[in-house]
Ligand code: GLN
C-alpha cells in the first residue's frame, strides 16, 4: 500500500538514537542540537512577534524583512549578492531547503554527486527526488577527496553536486583550492552545486569558511543553503533559507509553496533579531564550542578512541577499533545501555555501511554539565 520510494530508505538513525538515549537514560551525544538555552533576546523576540500578531501566514517565500536581512548578511558574510525579491527563499529549516532544492532541479534518473561520509538526510533526499547518488570518498586523516576520482564521477546524467562545509560528520572545512577544483568541474560539466552551510559560523583555529557561490561566476550555478538552528541554538524553530539565481529560485519556491506554504511567521520575525546580533555574539559562540570541542576530544582520546580535532561544526567522528566491542551499531547500543552515553553509529553516514563500521559520531553541542557527565561515564569504558 505504500510507494516504492519509501522502500529506499529507513527512519533516521540519528533521531532513533535520541529515542534510545531516552530509553536508557543515557547522555545524548547523538543528535546535534543544544541542550542549553537559546539567547534571551531571541526568545523575547519570538514572544513579542506572537503578541504583536505575526500569527498568520508570512509571504510564502519568507517575510520581506527577513529576506532583506538574509540578503544583507549574505553580502557581508558570504560574499554572495542575492536579491531578496528574486533570489532568497525562507524554508522550514535547511532540511526542507535541501529537499525542495533537489525536487526543484532533479528528474528521476539524474545523478547527484555526494561526498562520503555524508549527513544522513542526503541519501533519502536523493531517493525522494528520484536522483541516483554517486558517492565520492573523503579519505585519510584530513578527509580529502581525490580530484581524479571526483572528475570521474561526472557524466552526462550528472545534475548536481552536494557540498557540506563545515562538514557533518567529519568536521572538515573545505579549503579554497578544493573548492576551485569542484567549481571547475561543475562548470565544465554544467552541473549545479547545492551547498549546505548550516555550520558556517562554527569554525575553529585557522580554518576559514568559503561559500562556493562567492567564487567567480559560481553564483549562477549554486544553490546556497543556510539556517538559524545551529548558529542561534534554535533547532526547534525550523527556519532556514535558500539563496539561488532567479531561474532556480522560482522552481524552488514552487516546490516550497506546495510542500509547506511557509516557515512559522513569528519565528521568521525573531530571526530578524538574530541577524542583528553584534559581532561579539559570533565570537562567543566559537569560543564556547571550541572549549567543548577540546573537552570532548581530550576525553575521547584518553578513553582509547582515535579521532581528529574537527575544524568546524560540532561533531567528532571517532574510531572504535581499539575496543574490540563489535561494529558501530553493536558498540553504540552497548555505549547507550551499559555506559550511558548515546552516539550515532558511523554507518549512518555511508552508503556502504561497512565503511562506517569502525566509527561512531559524538556531538559536543551540549552544556558543560552534560559533557562532564558524559566524560565521567566514558571513564567506565
Ligand atoms: N543535524 C543534526 C545531526 O546531524 C540534527 C539532525 C536532525 O535531526 N535534523 O545530528
In this structure, does residue 151 turn out to be more than 16 Å from the ligand (Cβ to nearest atom) and buried (at least 18 other Cβ atoms within 10 Å of the Cβ)?
-> no
Tell me, please, whether a residue that is over 19 Å from residue 225 (Cα atoms), crowded, with 17+ Cβ neighbours inside 10 Å and either free of Cβ contacts under 8 Å to residues at least 60 places away in the same chain or within 16 Å of the ligand (Cβ to nearest atom) (or both) can be found in the stretch 43-56.
-> no
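Residues are listed down the side, and each one gets a yes or a no for (1) more than 15 Å from the chain's Cα centre (by Cα); (2) modelled with pLDDT under 95; (3) more than 16 Å from the ligand (Cβ to nearest atom):
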site: 212; (1), (2), (3): yes, no, yes
site: 215; (1), (2), (3): yes, no, yes
site: 223; (1), (2), (3): no, no, yes
site: 228; (1), (2), (3): no, no, no
site: 249; (1), (2), (3): yes, no, yes
site: 256; (1), (2), (3): yes, no, yes
site: 270; (1), (2), (3): yes, no, yes
For the stretch 280-290, does any single residue satisfy the condition of being in contact with a strand residue (DSSP E or B) (Cβ under 6 Å, 6 or more places away or on another chain) and within 16 Å of the ligand (Cβ to nearest atom)?
-> no
Residue that is farthest from the chain's Cα centre (by Cα), among those in the stretch 155-190 that are assigned to a loop (DSSP other than H, G, I, E, B) and surrounded by fewer than 19 Cβ atoms within 10 Å (Cβ to Cβ) | 156
The stretch 306-330, subset within 16 Å of the ligand (Cβ to nearest atom) and out of contact with any helix residue (DSSP H, G or I) (no Cβ under 8 Å at 6 or more places or on another chain), residue farthest from residue 283 (Cα to Cα) | 315
Any hit, the stretch 18-29, residues being more than 16 Å from the ligand (Cβ to nearest atom) and not in a helix (DSSP H, G or I) = yes
Counting only residues in the stretch 1-22 that are surrounded by fewer than 15 Cβ atoms within 10 Å (Cβ to Cβ) and touching a residue at least 60 places away in the same chain (Cβ under 8 Å), the one nearest to the chain's Cα centre (by Cα) is identified as 8
Taking the stretch 71-89 and keeping residues touching a helix residue (DSSP H, G or I) at 6+ places or on another chain (Cβ under 7 Å) and surrounded by 15 or more Cβ atoms within 10 Å (Cβ to Cβ) leaves 73, 78, 80, 82, 84, 86, 87, 88, 89
Confirm whether residue 346 is within 26 Å of residue 204 (Cβ to Cβ), in contact (Cβ under 8 Å) with a residue 40 or more places away in the chain and within 14 Å of the ligand (Cβ to nearest atom).
-> yes
Segments classed as strands (runs of 3 or more DSSP E), wholly inside the stretch 72-139, with at least 3 members that are under 17 Å from residue 223 (Cβ atoms) = 88-91, 111-116
Pull up the stretch 161-207, narrow it to residues that are within 22 Å of residue 363 (Cβ to Cβ) and out of contact with any strand residue (DSSP E or B) (no Cβ under 8 Å at 6 or more places or on another chain), then point me to the one that is nearest to the ligand (Cβ to nearest atom).
-> 201
Residue 224 being surrounded by 22 or more Cβ atoms within 10 Å (Cβ to Cβ), assigned to a helix (DSSP H, G or I) and touching a strand residue (DSSP E or B) at 6+ places or on another chain (Cβ under 8 Å) | no
Residue under evaluation residue 370, criteria (1) closer than 21 Å to residue 36 by Cα; (2) away from the ligand (no atom under 14 Å from the Cβ); (3) touching a helix residue (DSSP H, G or I) at 6+ places or on another chain (Cβ under 8 Å), criterion not met = (3)
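The values are calculated or read from the model by the stated rules, or taken from the named source; none is laboratory data. As the structure is a computational prediction, the values presented were derived from the model and not from experiment. Neighbour counts are summed over all protein chains in view; Cβ atoms, including those assigned to glycine, are modelled from backbone coordinates with ideal geometry.
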